[in-house]
Amino acid sequence: QVQLVESGGGLVPPGGSLRLSCVAARNILSINLMGWCRQAPGKECEVVASITAGDIKTYADSVKGRFSISRDIAKNTVYLQMNSLNSEDTAVYYCGAEPSGTTIRSWGQGTQVTVSS
């Protein structure tokens, strides 16, 4: 299990941007897969973006072209840049990490993102 701390959530108007941060308690190059999952009320958690140790990135169709996942290896931090936000992006966003497998099983405490005018 990897300890993770998310930050950066908040209230943003439609069309706005936010950047979420996820700090891992270990070298992220030693983590096979990291990603972001979001959960809206009454819905299952949707994995919106992921990044491998080899820097391969994937995105859910719902966020392609608007969200971008990146990392700062020196800071053991993964980011989720979210642009052109709309009300459907409102959710709790969780950062996750899977040290050796291909399915993320360990998630952080989450950060709330609310898109509203």
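Being touching a Lys or Arg at 6+ places or on another chain (Cβ under 8 Å) and surrounded by fewer than 18 Cβ atoms within 10 Å (Cβ to Cβ) narrows it down to one residue among Asp55, Asp72; which is it?
It is Asp55.
Looking at the structure I just gave you, is Gln109 among the polar types (S, T, N, Q), within 15 Å of the chain's Cα centre (by Cα) and assigned to a loop (DSSP other than H, G, I, E, B)?
Yes.
Filter the range 1-52 down to residues that are open to solvent by 50 Å² or more (accessible area, probe 1.4 Å) and of a type in the set (A, V, I, L, M, F, W, C), then give me how many there are.
7
Conditions first: (1) touching a helix residue (DSSP H, G or I) at 6+ places or on another chain (Cβ under 7 Å); (2) closer than 24 Å to Ser117 by Cα. Met34 passes all but one, so which condition is the exception?
Only one criterion is unmet by Met34, namely (2).
Considering only residues that are loosely packed, with under 14 Cβ neighbours inside 10 Å and at pLDDT below 95, look in the range 75-107 and name the one that is nearest to Ile56 (Cα to Cα).
By that ranking, first place goes to Thr102.
Which of the residues spanning the range 54-78 are more than 16 Å from Ala24 (Cα to Cα) and among the hydrophobic types (A, V, I, L, M, F, W, C)?
Once the filter is applied, which keeps residues that are more than 16 Å from Ala24 (Cα to Cα) and among the hydrophobic types (A, V, I, L, M, F, W, C), the range 54-78 yields Ile56, Ala60, Val63, Phe67.
The values are calculated or read from the model by the stated rules, or taken from the named source; none is laboratory data. Bear in mind the structure is a predicted one, so any value in this text is a computation, not a measurement. In this analysis, Cβ positions are derived from the backbone assuming ideal geometry, glycine residues included, and neighbour counts consider all displayed protein chains. Remember, those area values only see protein heavy atoms, side chains included, never the ligands or the DNA or RNA. Shrake-Rupley method; radii C 1.70, N 1.55, O 1.52, S 1.80 Å.
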